Every structure is written in structure tokens, then in C-alpha cells.
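See structure below.
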Amino acid sequence: MNSKEEKNIFKEISNNNEIAFEKLFHAYYGHLCLFASRIIKNNDSAEEIVQDFFVILWEKRNQLSIETSVKSYLFTSVKNLCLNFIQHRKIIHSHEKSVLFNTKNKQADEDYFTEIYLAEKIEESIQSLPEKRRIIFKMSREDGLKYREIAKKLNISIKTVEAQMGLAIKSLRNKLKNYNKFF
């Protein structure tokens, strides 16, 4: 298609001639898609950009005035849309990275404060145990002593140690039941 034919077709398009629009579309669609895909490196997105361009072209057909060649106008317009697409994609990617970073940091902060809060609640629950039971529990869990060793140190039977540990664990489970999801 030569320059004069292009200008005539574009003039016809400005006058709402759909057949002229289809002729222009068929003459350049494939070339514009190939051109756009070379810029953005994605065939599907390139086709969408070119299709969007032709929709915009048709919608603004009465407002457009082309001073250069039609071919130059078409390729420059598609190139600009491709550059906008790339810029938009960069912004989205940057935003995704920012959101991901902030989410990870926020989650780490929440986890840290949850652990501190939970540790405080556990310590409060242990401190609320009766004295003898608390001593037996701490000797077992914090000092790592076996029931036999605790019994020997406190001069009580192993059965008493077992019974007191059972009661301590039951009491702690009860007091910390609202925090089961953390365990």
C-alpha cells in the first residue's frame, strides 16, 4: 500500500467507513503484532496491544489527523503502547516486590511478638502452679532431670513425681488452651 492509498483509507476511516478500517487492519495487523512482540518479548501481550490500538484508532477516528505517513503513525503508536506496557509491568513488578518484602517483615515482627507473648503466658501459668508441683515441673522440664532423679532429690516417691507432673501438665494445658494454635 503506498502513501497516497494509506491517506485515502485513513480519510475514509475518519468518515466512519468500516470497510476501509478493515482493509487497514488486515494490511497491518500481522506486521504490527510482529513489531510489538519484538519489543515486549511476549506474543500474546503483543497481540492484545495491537488489538487495543485498533480499538482506540476506531474510537478516535474522527479526532485524528495524521501529518506523517499512516504506516509511520501506526508503528509509532504501537511502539508507544508497548513502552507504556513495559513501564506498567515494571511498576507492577516493583509493587509486588515491595508488598512481598513488607509482608515478610510484618509476619516476622508478628511472629516475634507472638513468641514473646506466648513465653510470658507460659511462664505465668507455670508460676501459678502450687509450689511443690512447680518445683517438680521445673526440675523435669527446665533442668532436664528424670523422674527418678527428682524423686531422689526431693525425697519423695517416683509415683508422686509422676502424679504431680500429670497434674502440672493438665493444669498448664487448661490455662493455655486458648493458645493451642501456636503449639
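Picking from Arg89, Arg61, Arg134, which is most flexible by a Gaussian network model of the chain using Cα springs under 10 Å?
So, out of Arg89, Arg61, Arg134, the one fluctuating most is Arg134.
For Arg61, what residues show an amide H to amide H distance below 5 Å, using hydrogens built from the backbone and excluding near sequence neighbours?
Under 5 Å from the amide H of Arg61: no residue qualifies.
Around Leu145, under 10 Å between beta carbons, what's the net of Lys plus Arg minus Asp minus Glu among the other residues?
Taking every other residue near Leu145 into account, the sum is +3.
Normalised radius of gyration for region 128-182, please: alpha carbon Rg relative to 2.2 N^0.38 Å, two decimal places.
Taking the Cα Rg and dividing by 2.2 N^0.38 Å, one obtains 1.17.
Which residue fluctuates the most in the chain, going by a Gaussian network model with Cα springs under 10 Å, if the choices are Ala163, Ala20, Ala119?
Ala163
Can you flag which of Lys7/Lys60; Lys138/Lys170; Lys132/Lys159; Lys152/Lys177; Lys152/Lys175 are past 25 Å Cα-Cα?
The pairs that break the limit, which is 25 Å between Cα atoms, are Lys152/Lys177; Lys152/Lys175.
Pulled fully out, how much extra length does the chain show between Lys41 and Ile86, if you take 0.36 nm times their separation in residues and subtract their Cα-Cα distance?
Using 0.36 nm per residue and subtracting the Cα-Cα distance, I get 15.2 nm.
May I have the convex hull volume per residue, in Å³, for the Cα set of the chain?
194 Å³
At each listed q (0.14, 0.26 Å⁻¹), what is the log10 of I(q)/I(0) that the Debye formula gives for region 1-82 modelled as equal alpha-carbon point scatterers?
One equal scatterer on each Cα of region 1-82 leads to -0.42, -1.34.
Per residue of the chain, what 222 nm ellipticity follows from adding -39500 (n - 2.57) for every DSSP H run with n ≥ 4, rounded to the nearest 500?
Using -39500 (n - 2.57) per qualifying helix, the result is -28000 deg cm²/dmol.
Please find, in a Gaussian network model of the chain (springs between Cα atoms separated by less than 10 Å), the residue of Leu57, Leu154, Leu118 whose mean-square fluctuation is greatest.
Leu154
A short reminder: the numbers here are calculations on the coordinates, not readings from a lab. Computed from a predicted model, the values in this text were never measured in an experiment. Methodologically, a virtual Cβ is constructed for each residue, glycine included, from the backbone with ideal geometry; neighbour enumeration extends over all protein chains shown.
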